[in-house]
Amino acid sequence: MITVLVADDELPAVDELAFLLGKDPRIGRILRATSGPQALEVLAANDVDAAFLDIHMPGMSGLELARIVGQKDNAPVVVFVTADDDRALEAFELAAVDYLLKPLRTERLTRTVDRVVELVAHPAAAEAAEMITVDQGGTSKLIRLDEVKFVQAQGDYARLHTAEASYLIRVPLADLEQRWAASGFVRIHRSYLVCLGFVTTMRLSASKPTVSVEKAVLPVSRRHVAVLRDHLQATRVRPLR
């Protein structure tokens with residue numbers, strides 16, 4: 001069980017996040033602060049594994065707080081929480097583990113806690129997440145590569161599918177296949193690239209081979225079955241018959 005700090009200048013927001021975190025059995029003590037200076041006091045007096053920081057706190061923003069905390073020994077893992085996404089680049093430049101948007105969703109928060117617990121248990125594995133710039137309604141935003149479940153070719157473009165939405169980027173699927181191979185992405189069809197970590201079901205011996213990523217059922221072309229099997233053997237995952 002890990003100890004976390006929740007810092008937000010709005011008390012209802014502190015209470016909501018503390019409540020949601022408290023439902024996760026991996027979370028132990030939940031410390032609270034309603035300002036940057038108060039958060040520093042809490043961190044100085046306690047061993048904290050992770051800090052969930054609101055960005056827009058008056059006096060001392062979450063970004064400023066993270067810069068100060070990051071200079072200390074045994075600094076906690078940092079997660080930023082905000083109502084907008086215009087500071088995402090700054091957040092990840094500070095090596096934030098994640099960037100949560102309000103209103104918070106339980107499923108999304110659980111994935112964040114997964115990352116936090118992994119980094120607390122294996123701090124040497126910590127590394128900055130690869131970020132992808134996408135366009136959404138004429139506005140550029142950043143998404144994490146490890147949130148992309150599968151990619152669908154659409155001409156000279158590729159559509160990235162995440163749990164929240166899908167995003168179109170002007171990069172051919174073949175380029176992404178090479179660029180993201182080390183991150184667990186495998187070509188399964190001329191039109192699809194899938195992250196094996198998100199695959200829930202595989203039927204490679206059927207007349208029409210498929211893999212499932214939650215509710216999405218994706219075709220596997222015959223010429224890609226052997227390559228996919230090799231990847232599965234390397235990761236010791238057995239396909240369903």
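One table, with the values for the structure above:
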read-out: Residues of the range 9-28 satisfying the condition of being outside any helix (DSSP H, G or I) and under 18 Å from Arg115 (Cα atoms); value: Lys23, Asp24, Pro25, Arg26, Ile27, Gly28
read-out: Flag for Val217 being part of a strand (DSSP E or B), at pLDDT 90 or above and out of contact with any helix residue (DSSP H, G or I) (no Cβ under 9 Å at 6 or more places or on another chain); value: yes
read-out: Residue pairs meeting the criteria (Cβ under 6 Å; at least 6 apart or on separate chains; first of a type in the set (D, E, K, R), in the range 186-199; second assigned to a helix (DSSP H, G or I) and open to solvent by 40 Å² or more (accessible area, probe 1.4 Å)); value: Arg187/Glu177
read-out: Pairs with Cβ under 8 Å, 6+ apart, first in the range 208-232 and closer than 15 Å to Val151 by Cα, second in a helix (DSSP H, G or I) and open to solvent by 50 Å² or more (accessible area, probe 1.4 Å); value: Val213/Phe198; Glu214/Phe198
read-out: Considering residues of the range 29-49 that are in contact with a helix residue (DSSP H, G or I) (Cβ under 8 Å, 6 or more places away or on another chain) and part of a strand (DSSP E or B) only, the residue farthest from Arg67 (Cα to Cα); value: Ile30
read-out: Boolean, Ala13 is within 19 Å of Leu100 (Cα to Cα) and either open to solvent by 30 Å² or more (accessible area, probe 1.4 Å) or within 21 Å of the chain's Cα centre (by Cα) (or both); value: no
read-out: All positions within the range 74-95 that are open to solvent by 70 Å² or more (accessible area, probe 1.4 Å) and modelled with pLDDT of 80 or more; value: Asn74, Ala83
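The values are calculated or read from the model by the stated rules, or taken from the named source; none is laboratory data. The structure displayed is predicted, hence computed values, not measured ones. Note that we place each Cβ from the backbone using ideal geometry, even for glycine, and neighbour counts take in every protein chain shown. What goes into the accessible areas is simple: the full protein's heavy atoms, side chains included, and nothing from ligands, DNA or RNA. Shrake-Rupley method; radii C 1.70, N 1.55, O 1.52, S 1.80 Å.
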